[in-house]
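**Student:** This is the structure I have questions about; it appears just below.
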Amino acid sequence: MNTGHVELARAQQERWETAYARQPQLHGAEPSAAAHWAAETFGAAGIDDVLELGAGHGRDALFLARQGFSVHATDFSETALDQLRQQAQREGLDDRVTAALHDVRDPLPPADATVNAVFANLLLNMAFTPEELRGLVGEIHRVLRPGGLFVYAVWSADDPCAANWQELGGGLSVHDGFAGRFFDRARLDELTKGWQAIDTTPYAEGPKPHRMWRVTVAKR
Ligand SMILES: C[S@@+](CC[C@H](N)C(=O)[O-])C[C@H]1O[C@@H](n2cnc3c(N)ncnc32)[C@H](O)[C@@H]1O
């Protein structure tokens, strides 16, 4: 990671902290469309525990817990995780949801082949270099057991909002201090080459709405 990127990474963590402190429940209480899909897909596979990465204040972690899953949620914003823990307590879900601070640029804590399912809504489109993204997907592959499932959603390059973002180089763009990446199909396919492809679906979500991709893959 070069110095410029270290700076960008630090600035992003601060940007998210500030955003969650200024606006608690920033992403709203409604679960994402990808979380609904994940609940269906994991449930059909007989899975009842999920590792969620980039969980924010936990709208999806709490939804999954309400559906009966045990969820371990991580994010690099302690402010967001505090909001998640408080809401879990209010709803009496704290026995089913745990939350831990973790920057996904660092190795994932679980041991090899011990995790049944990983879920990440709008995390992989954050400010990662291509090497960091490959490293993260490699770590997810390492911790999943064979046959384990990975469901994630990212912004699509077709999203009209992409035009309002300023290019930073290296495929990253910035808007209002948030940096991220918009994905086309080829980049998605490359990211999980070697995994068993189960489903890749374009969709739109939100009031604007944003165009996104939802991807489901399994570890062979
Ligand atoms: C667009 S938000 C999505 C939050 C949540 N998944 C949701 O859909 O409500 C992206 C989240 O990724 C987190 N994030 C960004 N970079 C991260 C990193 N390097 N490690 C861990 N979390 C990160 C941010 O703090 C933020 O909570």
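The values are calculated or read from the model by the stated rules, or taken from the named source; none is laboratory data. Note that the coordinates shown come from a computational prediction; the quantities given were computed from them, not determined experimentally. We place every Cβ from the backbone using ideal geometry, glycine too, and count neighbours over all the protein chains shown. Remember, those area values only see protein heavy atoms, side chains included, never the ligands or the DNA or RNA. Shrake-Rupley method; radii C 1.70, N 1.55, O 1.52, S 1.80 Å.
**Student:** So how much accessible area does Trp155 have, in Å² to the nearest 10, using a 1.4 Å probe?
**Tutor:** Surface accessible to solvent at Trp155 totals approximately 40 Å².
**Student:** Also: Would you work out the relative contact order for the chain, in percent, from Cα pairs under 8 angstrom that are 6 or more residues apart?
**Tutor:** Relative contact order here is 18 percent.
**Student:** On average, how much accessible surface per residue is there in the stretch 119-220, in Å², for a 1.4 Å probe, leaving out ligands, DNA and RNA?
**Tutor:** Spelled out: the 1.4 Å probe surface of the stretch 119-220, per residue, equals 45 Å².
**Student:** Here's a follow-up. Determine how large the accessible area of Asp112 is when every protein chain is in place; take a 1.4 Å probe and give Å² rounded to the nearest 10.
**Tutor:** 100
**Student:** Also, I was wondering about something else. For the chain, what is the mean residue ellipticity at 222 nm derived from helices alone (per DSSP H run of n ≥ 4: -39500 (n - 2.57); sum divided by total residues; nearest 500 deg cm²/dmol)?
**Tutor:** Rounded to the nearest 500, it is -10500 deg cm²/dmol.
**Student:** Also: Return the loop-located trypsin sites (Lys or Arg not before Pro) in the stretch 169-209 (DSSP other than H, G, I, E, B) with at most 11 other Cβ atoms within 10 Å of their own Cβ; answer none if there are none.
**Tutor:** Qualifying residues, ordered by number: Lys193.
**Student:** Now for a different question. Which percent of the accessible area of the chain is formed by carbon and sulfur heavy atoms (probe 1.4 angstrom)?
**Tutor:** Carbon-and-sulfur percentage of accessible area, whole number: 50.
**Student:** Which GluC sites (Glu not before Pro) from the stretch 67-157 combine a DSSP loop assignment with at most 15 other Cβ atoms within 10 Å?
**Tutor:** Glu91
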